[in-house]
Amino acid sequence: VDDMISIIDHLTEIFGAAIAASFPTLNDVPTIISAGTSPNPKFGDYQCNSAMNISKVLSAQGNKMSPRDIAAKITQNLLPSPLIERCEVAGAGFINVFLDKNYGINAITSILRNGVRPVSVQKQRIVVDFSSPNIAKEMHVGHLRSTIIGDSIARLLEYLGHDVLRINHIGDWGTQFGMLIAHLEDRFPDYATVSPPISDLQTFYKESKTRFDSDEDFKKRAYAKVVLLQGGDKDSVKGWQLICDVSRNEFQKIYDRLGVEIVERGESFYQSRMEALVSEFEKKGYLEDDNGRKIMWGVVPGEGIPLTIVKSDGGFTYDSSDMATIKQRLEEEKADWLIYVTDSGQATHFKSIFSCAERAKIIDYSRHRIDHVGFGVVLGEDGKKFKTRSGDTVKLIELLDEGLSRSMAKLKEKKRDDVLLPAELKTAQESVAYGCIKYADLSHNRQNEYVFSFDRMLEDKGNTAIYLLYAYTRIKSIARNCGGDFANNIKKVLETTTVSVTHEKEWKLTKVLLKFPDVITKITKDLCLHHLCEFVYEVSTTFTEFYDVCYCIVKNRQGEITSINGGRVLLAEATAQILGVCFHILGLNPLDKI
Ligand code: ARG
């Protein structure tokens, strides 16, 4: 069974070989391949743009040769490839590459026969740290972004066949728990036996913080509690667990709604590891005293910002826990690749962490890949920080509820309540609501700020989830409407029918579908999912162009099918399959009926 081929990788390989064969004395000239972007088909489907560079390098060596001649020579030395129909040298020395239609037919046939198989990769163990809200504090839109982006990255890597560990690094440790437990004792003295009815943990947090800031005795007790907690005192641990459970239940509601799976392993998990790490680092001389704090510099001492590994009161910090996460994940989990998904505001934190881990020889870049996947802040439609009308932080559950009611209004506006059964309508409502929220986030370059707008994400036109979900459902129904083997046994159809690529629009659609492996390769490199969203949108719009002029099914006046263009129905079905896989990676739940 063939996996799909990444066309750009393949062309880079064979053109690289042709360049090496043509100019054996040159090394380090990059092979530049790009997907043709010109709407004019005469420029080819892909281009090799290396000749201009090579010409410059040659002339610096005293060899004059025109880029056009160079391009011609490369083309002559190109080994035959089943992907290439022909190459043409054009303009200043571009090599235009035209894809072979038989290759296109075979690749689409393979999708229909074997499913959308990803480009094969060497299986790696990967830890994706995402979502990671803090106990007793609000889970905010930043955590929502981390949840959506992290989940999608994990889905991508799982789809590629990697062994992915999804970690929720919740903030469940630190000095604030002393004050929370002390407050718990006062408010609910018998908490150890009777579960306290804390429903609103934020208020509880604020109350205890107010006391902490104004009451010296309370403050002292709070500090004592932290020591007890970290020492494993039974009652304190019980109180801590109770408080964590309240938050945990709230977080889980969000994950359940969004269909996100994640394993909790909070900061507390690392307590003993942080202790071990500090004594190891101390022995190795990595730690420096700075007014009672113990700090650590990265590979270049004095450069960047040092980490605070131990506070002057002896406590640990966010820095200490992240040093412990790297060590635990690389050494104990034996991960090959670590990914941390947080807002870009934490970029310097992770830079220092990575640098210190490199210095301590925990990270070895010849074996490990480490990414901080940063993202921009979420803004409201007024361009200011995302807040409710009254200026409060937006509660995520309320945000999801608003998504649900907006999506239902949209479905009713489209009169879907006339067509769908109540259960179908509810599924559609959820798919559209959560799909829109996720897709709006993922379709923007994660590094930019992002404006949250229900109105925009629910627009029917343009690159929105609702447009794409509808498109998918329509495309998916084409084969089904044909009935017979088209609906039930596509493999059987393939025995007698060939995918049609003769019409210009059929061929155009085919070529867009064949880009899928390249898009996957690209997003695996830069972990920017908006490329996948752009691809999905291109597939849908190209499909529409095709469908407008290429009839798949012809019906008579009575609405009965009089003829089926099987080769086109196959193309439509392959389109649906590719879109289905992309939706899966993006965490969208496509529907048969909407
Ligand atoms: N709890 C942190 C926050 O709310 C995010 C933690 C991200 N993960 C990590 N390993 N630092 O900002």
* Would you pick out the residues in segment 343-360 that are acidic (Asp, Glu) and within 9 Å of the ligand (Cβ to nearest atom)? -> 343
* Within segment 330-342, can one find any residue that is more than 14 Å from the ligand (Cβ to nearest atom), under 26 Å from residue 148 (Cβ atoms), in a loop (DSSP other than H, G, I, E, B) and not aromatic (Phe, Trp, Tyr)? -> yes
* To do: Could you give me the residue pairs with C-beta distances under 8 Å whose first residue belongs to segment 294-313 and is at positive phi, whose second residue is open to solvent by 70 Å² or more (accessible area, probe 1.4 Å) wherever it lies, and which are 6+ apart or on separate chains?
  => 304/348; 304/351
* Cross-chain or 6+ apart pairs with Cβ under 8 Å, segment 168-180 first and within 10 Å of the ligand (Cβ to nearest atom), then among the β-branched types (Val, Ile, Thr) and in a strand (DSSP E or B) -> 168/263
* away from the ligand (no atom under 16 Å from the Cβ), in contact with a Ser or Thr (Cβ under 8 Å, 6 or more places away or on another chain) and outside any loop (DSSP other than H, G, I, E, B) - does that describe any residue in segment 130-153? -> no
* Here are some residues: 265, 273, 257. Which one is within 30 Å of residue 398 (Cβ to Cβ), open to solvent by 40 Å² or more (accessible area, probe 1.4 Å) and within 16 Å of the ligand (Cβ to nearest atom)? -> 265
* Considering only segment 95-129, state which residues are in a loop (DSSP other than H, G, I, E, B) and charged (D, E, K, R). => 100, 117, 123
* Asked: So which residues in segment 224-246 are touching a helix residue (DSSP H, G or I) at 6+ places or on another chain (Cβ under 6 Å) and closer than 14 Å to residue 172 by Cβ, if there are any at all?
  -> 226, 229, 236, 239, 240, 243, 246
* Select from segment 308-356 the residues that are of a type in the set (S, T, N, Q) and over 25 Å from the mean Cα position of the chain (by Cα) and write down the one among them that is most open to solvent (accessible area, probe 1.4 Å). => 312
* Structure fact -> For segment 509-531, pairs from a residue that is assigned by TED's automatic domain parsing to the domain that holds residue 33 to a residue that is of a type outside the set (S, T, N, Q) and at pLDDT 95 or above, with Cβ under 7 Å and 6 or more apart or across chains, are none
* **Of all residues in segment 293-307 being open to solvent by 40 Å² or more (accessible area, probe 1.4 Å) and out of contact with any Lys or Arg (no Cβ under 7 Å at 6 or more places or on another chain), the one that is nearest to residue 266 (Cα to Cα)** => 294
* Hits in segment 379-433 (condition: under 30 Å from residue 137 (Cβ atoms), open to solvent by 40 Å² or more (accessible area, probe 1.4 Å) and in contact (Cβ under 8 Å) with a residue 40 or more places away in the chain) -> 381, 383, 393, 395, 397, 402, 406, 430
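In the set 172, 151, 163, which member is open to solvent by less than 10 Å² (accessible area, probe 1.4 Å), closer than 23 Å to residue 583 by Cα and not β-branched (Val, Ile, Thr)?
On inspection, the qualifying residue turns out to be 151.
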* Asked: When you go through (1) among the hydroxyl-bearing types (Ser, Thr, Tyr); (2) open to solvent by less than 20 Å² (accessible area, probe 1.4 Å); (3) modelled with pLDDT of 95 or more one by one for residue 450, which number turns out not to apply?
  -> (3)
* **The one condition in (1) crowded, with 17+ Cβ neighbours inside 10 Å; (2) without any contact (Cβ under 8 Å) to a residue 60 or more places away in the chain; (3) farther than 18 Å from residue 26 by Cα that residue 75 fails to fulfil** => (3)
* Asked: In the set 369, 359, which member is surrounded by fewer than 17 Cβ atoms within 10 Å (Cβ to Cβ) and either at pLDDT 95 or above or more than 27 Å from residue 449 (Cα to Cα) (or both)?
  -> 369
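The values are calculated or read from the model by the stated rules, or taken from the named source; none is laboratory data. What you see is a predicted model, and the numbers here were worked out from it, not measured in a lab. Note that each Cβ is placed from the backbone with ideal geometry, even for glycine, and that neighbours are counted across all protein chains shown. Keep in mind that these areas ignore ligands, DNA and RNA; they rest on the heavy atoms of the full protein, side chains included. Shrake-Rupley method; radii C 1.70, N 1.55, O 1.52, S 1.80 Å.
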